[in-house]
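All remarks here apply to the structure that follows.
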Amino acid sequence: MHQQLIIDKISGILAATDDSYDQKLTTLLDQAKRVFVSGAGRSGLIGRFFAMRLMHSGYDVSVVGEIVTPSIKAGDLLVIISGSGETEQLIAFTKKAKEIGAKILLISAKSDSTIGDLADAVFQIGTSELYGKVKGMPMGTVFELSTLFFLEAIISHIIHEKGIPEEEMRSRHANLE
C-alpha cells in the first residue's frame with residue numbers, strides 16, 4: 001500500500017514537470033566550464049547522487065562544502081537543490097556565485113523564492129498544488145524523491161544523447177572503496 005502511494009505521488013509530480021528541462025539542463029551543463037552542486041539536508045544527499053553521475057558522465061563536477069572543492073569562477077554553473085529556495089546557507093552560496101559571475105540553476109518545489117530571484121534558471125519540480133501534506137511522506141519527502149527521479153532521468157537523457165557507454169562511466173567510478 002505505501003509503496004504504491006509513493007510511486008503514485010512521484011509519478012504525479014514528474015508528470016507535472018516541464019518536459020523541456022532535460023535538454024535545458026544538458027545545455028547548461030555543456031556550456032559550463034565546471035559544475036558545482038549544493039543542497040542542504042536530504043536535498044544535499046540528492047545533489048551528491050547527481051554529482052556522482054555527472055562525474056561518471058565525464059563532467060568536471062564538485063560538491064560544495066567538501067574539503068577538496070575548488071573555488072567557483074565565472075563560467076561555472078552552480079546547481080542548487082532546495083525545495084523552498086529559502087535556505088539561508090544556500091542563499092549565501094548563491095549570492096557569492098552570482099557576484100563572481102557563475103551561472104546559477106535552482107531546482108525547487110517553488111517557482112518563486114529568494115534563490116529563484118537570484119538564479120539564471122529555475123526548474124520547478126511539479127507544481128505547488130501537488131505539495132500538500134501526504135500521510136506517510138513527511139517533511140519534504142515528496143520533493144526529495146521526485147527530484148532524485150528527475151535527476152536520474154536527466155542522467156539517462158545525457159548518456160543516451162551523448163552515447164556514453166556504461167563501461168566508460170564505470171572506468172570513472174571510484175576504485176578506492
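The values are calculated or read from the model by the stated rules, or taken from the named source; none is laboratory data. Worth saying up front: this structure is predicted, and the values here are computed from it rather than measured. FYI the Cβ positions are ideal-geometry reconstructions off the backbone, even for glycines, and counts take in every protein chain you see. Accessible surface is based on the protein model in full, side chains and every heavy atom, while ligands, DNA and RNA are left aside. Shrake-Rupley method; radii C 1.70, N 1.55, O 1.52, S 1.80 Å.
In the set (1) surrounded by fewer than 18 Cβ atoms within 10 Å (Cβ to Cβ); (2) assigned to a helix (DSSP H, G or I), the condition left unmet by T147 is number (1). When the criteria are applied in full, I107 fails the requirement of being out of contact with any strand residue (DSSP E or B) (no Cβ under 9 Å at 6 or more places or on another chain) and of a type outside the set (K, R).
Scanning the range 31-64 for residues that are in contact with a Phe, Trp or Tyr (Cβ under 9 Å, 6 or more places away or on another chain) and either surrounded by fewer than 18 Cβ atoms within 10 Å (Cβ to Cβ) or over 18 Å from S146 (Cα atoms) (or both) returns A32, R34, V35, F36, V61, S62, V63, V64.
Of the residues making up the range 17-56, just one is aromatic (F, W, Y) and in contact with a Ser or Thr (Cβ under 6 Å, 6 or more places away or on another chain), namely F36. Taking every residue in the range 52-67 that is over 14 Å from A32 (Cβ atoms) and modelled with pLDDT of 95 or more and pairing it with any residue that is assigned to a loop (DSSP other than H, G, I, E, B) and open to solvent by 50 Å² or more (accessible area, probe 1.4 Å), at least 6 positions away or on another chain, the pairs with Cβ-Cβ distances below 9 Å are M52/H173; M52/A174; H56/H173.
Screening E129 against (1) outside any loop (DSSP other than H, G, I, E, B); (2) touching a helix residue (DSSP H, G or I) at 6+ places or on another chain (Cβ under 9 Å) leaves a single unmet condition, (2). Answer yes or no: is there a residue in the range 90-100 that is open to solvent by less than 80 Å² (accessible area, probe 1.4 Å), more than 14 Å from the chain's Cα centre (by Cα) and closer than 25 Å to G132 by Cα. Taking every residue of the range 90-100 in turn, at least one turns out to be open to solvent by less than 80 Å² (accessible area, probe 1.4 Å), more than 14 Å from the chain's Cα centre (by Cα) and closer than 25 Å to G132 by Cα.
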